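Beneath this line is the structure, given in structure tokens, with notes to follow.
Each reported figure results from applying straightforward, stated rules to the coordinates on display, with no laboratory input. These numbers were taken from a predicted model, which means no experiment stands behind them. Virtual Cβ from ideal backbone geometry, glycine too; neighbours counted across all protein chains shown.
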Amino acid sequence: MINPLFDTLFECHCGKDTVFLHLPDGSVLGHGSFLKLVARYANVFSDIGLKPGDRLAIQAEKSPHSLAVYAAAVQSGLIFLPLNTGYTAPELGYFVEDSGARLLICDPSTEAACATIARSAGAALETLSASGSGSLQDRADAVSDQFETVARAADDLAAFLYTSGTTGRSKGAMLTQTNLLSNAQTLVEIWQFSKEDVLFHALPIFHTHGLFVATNVSLLAGCPMIFMPKFDVDQTIEHLPKATTMMGVPTFYTRLLHDPRFDSALVSHVRLFISGSAPLLAETHAQFEARTGHRILERYGMTETNMSTSNPYEGERKPGTVGFPLPDVELKITDAETGETLPDGEIGQIEVRGPNVFKGYWQMPEKTRDELREDGFFITGDLGLIDEQGYVQIVGRIKDLIISGGYNIYPKEIETFLDDQPGVLESAVVGVPHPDFGETVVGFLVIEKDQHVDLNTIETAARDHLARFKHPRKLVVLPELPRNTMGKVQKNVLRADYRTLFTD
Ligand code: MLC
Ligand code: AMP
């Protein structure tokens, strides 16, 4: 194999007239047509002057075309860098600059702002709309639909996925061909995916879950996807009956449970529902089973590690746990102070090692050293235990992180923004329970003496600086922040005091 990821995921279907994507309008896209589009894009990238190892950043709507950009990047030996469509221009600018991207692909609606970003980063710019139109397609129409796949080694980088950090500065997680491929191979096997399956795909394709878990698993199994632009309850109810499997974040499942049309008859054709990216409440697990007869299979992963654990396909899917380490993944619970492995049953930090674990953070050797041990174990920042039956339970996080609807938000980034607002002396940001998103962001502000701050002004400023999903859903002004005797802000006190803000 000259390019293991491309050859295994994409090329094996070449020439076959099998269905690759079912689209919401009822049309289908075959593998052969998809691969021709991929080859055209790869030829365009080559014409632009991109070389293997160059970074290609994309902020575009989910569509067969943006998926083809991913495949074309792999075929060309480029490093694929997908970006959340919600990011604002300043957020986008950081990723393009930091990664040294040579090409930025954006939606035509953001072309002006992206042109400035691309110019300052020295990157080329192309546009791609949800329907596939734009400058990329114009160029693609004029080139060959054949492309000679670029050779890559198993350890070569295939993707950068940015993940926020506790310092507020996002880190580019470097993922190799082997990281992605080994994980997809394991998941296909343990979840028993085959070409008889049809995956309902409503996740975004700029994160591990939608791109590397859902898409790579389907590609490897050779099963078609019902490819939705985003998650929507009505659309899910319309299309799910044709699927055999579905993957989602807990919010997908809680939203479906709120709809009385979602019942066992609707999902009679489905063999497997998988949940991850955020904790699935045991209560949701039970309600889902009562309504549909299905026990959701919960698994655990992260950007740096892909998937690390899963509840069993056959055997007890235990609510409130994320199951067992994957066959090729080692997992241990350690003491955060000493690094010593703790006995089963004790709570400590979760560490994982295996072919799934990334290579490190792009141009951040110190951060890499802090989190990736020399012996290959990655310190996840999650707190957990291994129970008496060997199931892993996640009980909390060491990292100061909020997960809202499956998206990670680092409070430090929001605090930095709030602290910069005129009249704000200091701030603290915490996550509180939310019925739809699981957790949501609340910002606490202390105002400078004799100053007045208009909270609406801060909310307006947030629109320009932070993706919508990161915005505090509530800002609270306090005379002072609660602190311990060492002067450290007691976020646990804020969390406890405002626990029921959205759930009462
Ligand atoms: C959208 N909004 C959110 C949000 N998503 N706010 C908080 N948290 C979120 N997750 C905001 C929008 O900006 C908008 O604001 C409003 O909510 C509605 O926008 P929308 O586009 O209609 O979105 P919505 O349907 O609400 O989206 C919710 C969602 C989506 C759950 C469908 O967030 C989603 O698809 N999440 C999946 C995330 C994911 O794939 N994570 C995997 C990471 S990988 P307004 O002003 O209109 O209210 C990973 C590793 C692993 O974690 O283990 O998998
Ligand atoms: P990300 O950095 O976006 O990849 O998010 C990874 C984080 O999501 C993990 O470190 C966990 O904190 C969390 N996570 C993923 N899956 C689960 C799960 N099933 N249960 C609880 N938390 C999860």
I need the full set of residues from the range 198-226 which are touching a Pro at 6+ places or on another chain (Cβ under 8 Å), small (Gly, Ala, Ser) and away from ligand 2 (no atom under 14 Å from the Cβ), in order please. SER218
Residue within the range 467-475 that is over 21 Å from SER277 (Cβ atoms), of a type in the set (A, V, I, L, M) and more than 26 Å from the chain's Cα centre (by Cα) present: yes
Anything in the range 221-238 that is free of Cβ contacts under 8 Å to residues at least 40 places away in the same chain, within 14 Å of ligand 1 (Cβ to nearest atom) and not in a helix (DSSP H, G or I)? List them, or say none. PHE231, ASP232
Name every residue in the range 241-260 that is within 22 Å of HIS22 (Cβ to Cβ) and either within 16 Å of ligand 2 (Cβ to nearest atom) or assigned to a helix (DSSP H, G or I) (or both), in order of residue number. PRO241, LYS242, MET246, MET247, GLY248, VAL249, PHE252, TYR253, ARG255, LEU256
How many residues are in contact with a strand residue (DSSP E or B) (Cβ under 8 Å, 6 or more places away or on another chain), in a helix (DSSP H, G or I) and under 22 Å from THR163 (Cβ atoms) if we restrict to the range 177-220? 15
Exactly one of (1) buried (at least 17 other Cβ atoms within 10 Å of the Cβ); (2) within 12 Å of ligand 1 (Cβ to nearest atom) is unmet by SER427. Its number? (2)
Quick one: count up the residues across the range 173-193 that are of a type outside the set (Phe, Trp, Tyr) and touching a helix residue (DSSP H, G or I) at 6+ places or on another chain (Cβ under 6 Å). 6
Can you tell me how many residues in the range 412-452 are free of Cβ contacts under 8 Å to residues at least 12 places away in the same chain and at positive phi? 1
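Is the range 154-165 home to any residue that is more than 30 Å from ALA243 (Cβ to Cβ), hydroxyl-bearing (Ser, Thr, Tyr) and within 22 Å of the chain's Cα centre (by Cα)?
Yes, the conditions are met somewhere in the range 154-165.
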Among residues of the range 273-305, those that are more than 9 Å from ligand 2 (Cβ to nearest atom) and in a strand (DSSP E or B), counted: 3
May I ask you to verify whether ALA130 is among the aliphatic types (A, V, I, L, M), without any contact (Cβ under 8 Å) to a residue 60 or more places away in the chain and surrounded by fewer than 23 Cβ atoms within 10 Å (Cβ to Cβ)? no
Answer yes if at least one residue in the range 261-272 is outside any loop (DSSP other than H, G, I, E, B) and away from ligand 2 (no atom under 13 Å from the Cβ), and no otherwise. yes
Quick check: anything in the range 380-390 within 21 Å of the chain's Cα centre (by Cα), surrounded by fewer than 20 Cβ atoms within 10 Å (Cβ to Cβ) and among the aliphatic types (A, V, I, L, M)? yes
Can you confirm whether ALA462 is in contact with a Ser or Thr (Cβ under 8 Å, 6 or more places away or on another chain), surrounded by 17 or more Cβ atoms within 10 Å (Cβ to Cβ) and within 24 Å of PRO435 (Cα to Cα)? no
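Every residue, every condition in (1) over 28 Å from PHE417 (Cβ atoms); (2) away from ligand 1 (no atom under 16 Å from the Cβ); (3) without any contact (Cβ under 8 Å) to a residue 24 or more places away in the chain, yes or no:
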position	(1), (2), (3)
ASP98	no, yes, no
ASP107	no, no, no
ALA112	no, yes, yes
ALA118	no, yes, yes
ALA121	no, yes, no
ALA124	yes, yes, no
ALA154	yes, yes, no
THR163	no, no, no
In the range 242-263, how many are surrounded by fewer than 14 Cβ atoms within 10 Å (Cβ to Cβ) and either closer than 21 Å to PRO279 by Cβ or not acidic (Asp, Glu) (or both)? 4
If GLU148 satisfies all but one of (1) surrounded by 19 or more Cβ atoms within 10 Å (Cβ to Cβ); (2) of a type outside the set (Lys, Arg); (3) more than 16 Å from ligand 2 (Cβ to nearest atom), what's the number of the condition it fails? (1)
